[in-house]
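Note sheet for the following structure.
The values are calculated or read from the model by the stated rules, or taken from the named source; none is laboratory data. Small disclaimer: the values here were computed from a predicted structure and weren't measured. All Cβ positions, even for glycine, are placed from backbone atoms using ideal geometry, and neighbour counts span all protein chains on display. Accessible surface is based on the protein model in full, side chains and every heavy atom, while ligands, DNA and RNA are left aside. Shrake-Rupley method; radii C 1.70, N 1.55, O 1.52, S 1.80 Å.
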Amino acid sequence: MNYKNFEKNTENSTVSFQVEVDSAAFEKAVAVAYQKNKKDIFIQGFRKGKAPRQVIEGMYGKDVFYDDAVNEIAYEAFEFGAKEAGAETIGIPTITDYNVADDKTCLISFTVATYPEATLLGQYKELEAPHQYVEISDEDVMQEIDSVRQRNARINTVERAAKLGDTAVIDFVGFVDGAEFEGGSGSEYPLVLGSGSFIPGFEEQLVGVSAGESKDVVVIFPEDYEPSLAGKEATFKCLVSEVKETELPELDDEFVKDVSEFDTVEEYKNSIAENLKNTRQSQADDEFHNRLLLAAVENMQTNIPEAMIEEKLEEIASNYASSFGLSGISKAQFVQMMGMSEEMFDEVTRPNAERDAKVDVLLRAVAEAEKMEATEEEIDDLVKEIAEAYQMTADDVKEKIDMDAAKRDICCRKAAELIYSTAKDLPWTEESAVEEILKAAATEE
């Protein structure tokens, strides 16, 4: 193969080049294309799939298998051309054209997105951002303990009227304008009164009702409810078949021994306080780091190609799937399982994908500006980390992963640490918290 005519377009982060495939390699690809397609070709005088290649080419033209042959050899040709060009490509290349000469050499033209260049216009060191330092209250600890008590509670049937906090087992049928509506009925439904799981005002009207009694519950659907019901008054005819009371276990040393590794309530509380603080402080630190990265991104100029955003969308879907224990499935499979369309998923997650792509470009640009390099010790540590995570040997890891990419990953980690370690904390205030909430809401929209 011969590599030709490299052209780089920095405006949209693409490269174009041509690869000349020699006649022997192209002829081999044509032969493969013939074998794949002949079973579907019928020629008069031959059984279907048995017509010789020369006969098919004589009837349909010598180029009848060229499209498939080019597709057959395109991957190998593209890999060769990209390596010769020294281009770090992203996504799937496009075959813009091909030409087969009289001597059967084939010239294939490719265009593909490349990793974008970046210009650091402003500072990335000594940035400032609000940084929250977490304090854990006694109330925080008790809320955590109460949730454990709830999980270990006993549910007892009681012979009395229901009150808030009880579970009322109900049959119900809903009516709007005197007619039943779809999805408005249920049988033997365990409703925790005061949980807020039903329409506002519904649960409170069942307070005071005993097992065996009926009650008409009248509510008005919220304005943001399903359009056909929004704002309308509805009557639910309810029958309470059972009232259950939640009995929480006493918070004492015996309970602590049952649910934890500790012997006393005091030890248990101290452990919960420490774990809560570590968890929440880690989240606050991550938020601080994200603010710094986004501030640094604002000081960078780059053009993110669509192919890179597509890769990030796939990565986000993969991470979501893994969190559900669904590793190894495609984005299309995941969003289908979640009851979404790919278009809906992409629309919701695209801002995050764009942000992640810009952060990647930023960290590489910082690493290059600071002339960072991965040491042998850092490479060995990363290989060990991957080997332990995937239960592989170090040699297998080195054989299977792109070591150049691994070195870039190390340098990007070091670049991020440089941004974090040189930053200055600003006081965390209620105003800054509200600002973060508004930003998050804008992203959600």
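Yes/no matrix, rows are residues, columns are (1) under 30 Å from A74 (Cα atoms); (2) of a type in the set (A, V, I, L, M):
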{"position": "I95", "(1), (2)": "yes, yes"}
{"position": "V100", "(1), (2)": "yes, yes"}
{"position": "L107", "(1), (2)": "yes, yes"}
{"position": "T119", "(1), (2)": "no, no"}
{"position": "Y124", "(1), (2)": "no, no"}
{"position": "A129", "(1), (2)": "no, yes"}
{"position": "Y133", "(1), (2)": "no, no"}
{"position": "E144", "(1), (2)": "no, no"}
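Give segment 162-171 a look and list any residue that's of a type outside the set (D, E, K, R) and open to solvent by 90 Å² or more (accessible area, probe 1.4 Å), or say none.
L164, the sole residue that qualifies.
In segment 124-161, what residues are in a loop (DSSP other than H, G, I, E, B), open to solvent by 60 Å² or more (accessible area, probe 1.4 Å) and not polar (S, T, N, Q)?
K125, E126, Y133, E135, E159, R160
Name the single residue, out of those in segment 204-239 being part of a loop (DSSP other than H, G, I, E, B) and of a type in the set (V, I, T), that is most open to solvent (accessible area, probe 1.4 Å).
Checking each candidate, the answer is V207.
Hey, among A317, A296, which residue is at pLDDT 95 or above and among the small types (G, A, S)?
Testing whether each residue is at pLDDT 95 or above and among the small types (G, A, S) leaves just A296.
Within segment 263-291, count every residue that is loosely packed, with under 15 Cβ neighbours inside 10 Å and of a type in the set (G, A, S).
Total satisfying the criteria: 1.
Quick one: in segment 76-118, of everything that is among the polar types (S, T, N, Q) and in contact (Cβ under 8 Å) with a residue 40 or more places away in the chain, which residue is most open to solvent (accessible area, probe 1.4 Å)?
Checking each candidate, the answer is T96.
Tell me, please, whether a residue that is open to solvent by 70 Å² or more (accessible area, probe 1.4 Å), within 30 Å of P116 (Cβ to Cβ) and in a helix (DSSP H, G or I) can be found in segment 56-72.
Yes, that holds for at least one residue.
Could you tell me which numbered condition E242 fails, if it satisfies all but one of (1) open to solvent by 70 Å² or more (accessible area, probe 1.4 Å); (2) more than 41 Å from the chain's Cα centre (by Cα)?
In the conditions (1) open to solvent by 70 Å² or more (accessible area, probe 1.4 Å); (2) more than 41 Å from the chain's Cα centre (by Cα), E242 misses (1) alone.
Tell me, which helices (runs of 4 or more DSSP H) wholly within segment 273-391 include 3 or more residues that are of a type in the set (V, I, T)?
The helices (runs of 4 or more DSSP H) meeting that bar are 342-369, 376-390.
Got at least one residue in segment 251-262 being touching a residue at least 60 places away in the same chain (Cβ under 8 Å), closer than 22 Å to E139 by Cα, open to solvent by 30 Å² or more (accessible area, probe 1.4 Å) and not in a helix (DSSP H, G or I)?
Yes, because at least one residue in segment 251-262 is touching a residue at least 60 places away in the same chain (Cβ under 8 Å), closer than 22 Å to E139 by Cα, open to solvent by 30 Å² or more (accessible area, probe 1.4 Å) and not in a helix (DSSP H, G or I).
Are any residues in segment 286-337 closer than 14 Å to A353 by Cβ and aromatic (F, W, Y), and if so, which ones?
Y320
Which one of the conditions (1) farther than 30 Å from V148 by Cα; (2) open to solvent by 60 Å² or more (accessible area, probe 1.4 Å); (3) more than 25 Å from the chain's Cα centre (by Cα) does L294 fail to meet, given that it meets all the rest?
Exception for L294: condition (3).
Tell me the residue from F110, F172 that is assigned to a strand (DSSP E or B) and more than 33 Å from the chain's Cα centre (by Cα), please.
The conditions single out F172.
Can you say whether E126 is among the acidic types (D, E) and at negative phi, as far as the supplied structure shows?
no
Rundown of residues vs (1) free of Cβ contacts under 8 Å to residues at least 60 places away in the same chain; (2) touching a helix residue (DSSP H, G or I) at 6+ places or on another chain (Cβ under 9 Å); (3) within 30 Å of L206 (Cβ to Cβ), yes/no style:
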residue	(1), (2), (3)
A234	no, no, yes
A284	no, no, no
H289	no, yes, no
L292	no, yes, no
M308	no, yes, no
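Are any of the residues in segment 21-39 out of contact with any Gly (no Cβ under 6 Å at 6 or more places or on another chain), under 30 Å from V361 (Cα atoms) and assigned to a strand (DSSP E or B)?
no
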